[in-house]
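Input: a single structure, listed below in structure tokens.
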Amino acid sequence: MKTKKIPMRTCVGCHESKKKIELMRVIKTPEGEIVFDSTGRKNGRGAYICPSAECLYKARKSGSIERSLGVTVPDEVYDIIERQMLALDKE
């Protein structure tokens, strides 16, 4: 029987390669809006990040989310991402 390939992605904060389902996705929609993608299936350019405040801090400090999405990410969006991370962590 054939084994199913598990997709791997790299966190933009810690630069570790992990399974796609273990990471959170932030996307730039075709309209240019930056949003958190909880389903992992929305249309747009994506950046993957570990669900930890430390990785978000590293990504924010280094600007790696902005680099991978190709736009400037406002501080409000980082705050929204952090709140949604905490909400997912409580579930």
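The values are calculated or read from the model by the stated rules, or taken from the named source; none is laboratory data. Everything numeric here is computed off the predicted structure, so don't read it as measured data. Note: ideal-geometry Cβ built from the backbone for every residue, glycine included; neighbour counts use all protein chains shown.
Please pick out the residue among Pro74, Pro30, Pro51 that is in contact (Cβ under 8 Å) with a residue 12 or more places away in the chain and either β-branched (Val, Ile, Thr) or in contact with a helix residue (DSSP H, G or I) (Cβ under 7 Å, 6 or more places away or on another chain) (or both).
Numbers: Pro74 fails: either β-branched (Val, Ile, Thr) or in contact with a helix residue (DSSP H, G or I) (Cβ under 7 Å, 6 or more places away or on another chain) (or both); Pro30 fails: either β-branched (Val, Ile, Thr) or in contact with a helix residue (DSSP H, G or I) (Cβ under 7 Å, 6 or more places away or on another chain) (or both).
Sole residue among the options that is in contact (Cβ under 8 Å) with a residue 12 or more places away in the chain and either β-branched (Val, Ile, Thr) or in contact with a helix residue (DSSP H, G or I) (Cβ under 7 Å, 6 or more places away or on another chain) (or both): Pro51.
Which one of these does Thr10 not meet: (1) modelled with pLDDT under 95; (2) of a type in the set (Ser, Thr, Tyr); (3) farther than 16 Å from Gln84 by Cα?
It fails just one condition, (1).
From Arg60, Arg41, which residue is assigned to a helix (DSSP H, G or I) and charged (D, E, K, R)? Step through it out loud before you land on a result.
Working: Arg41 fails: assigned to a helix (DSSP H, G or I).
Among Arg60, Arg41, only Arg60 is assigned to a helix (DSSP H, G or I) and charged (D, E, K, R).
Looking only at region 1-37, which residues are part of a loop (DSSP other than H, G, I, E, B), more than 17 Å from Thr72 (Cβ to Cβ) and out of contact with any strand residue (DSSP E or B) (no Cβ under 8 Å at 6 or more places or on another chain)? Explain how you work it out, then say what you get.
So the first thing to find is which residues in region 1-37 are part of a loop (DSSP other than H, G, I, E, B), and the list is 1-7, 11-16, 23, 29-33.
The next check asks that each one be more than 17 Å from Thr72 (Cβ to Cβ); those that pass are 1-7, 11, 13-16, 23, 30.
Listed by number, the residues that qualify are Met1, Lys2, Thr3, Lys4, Lys5, Cys14, His15, Pro30.
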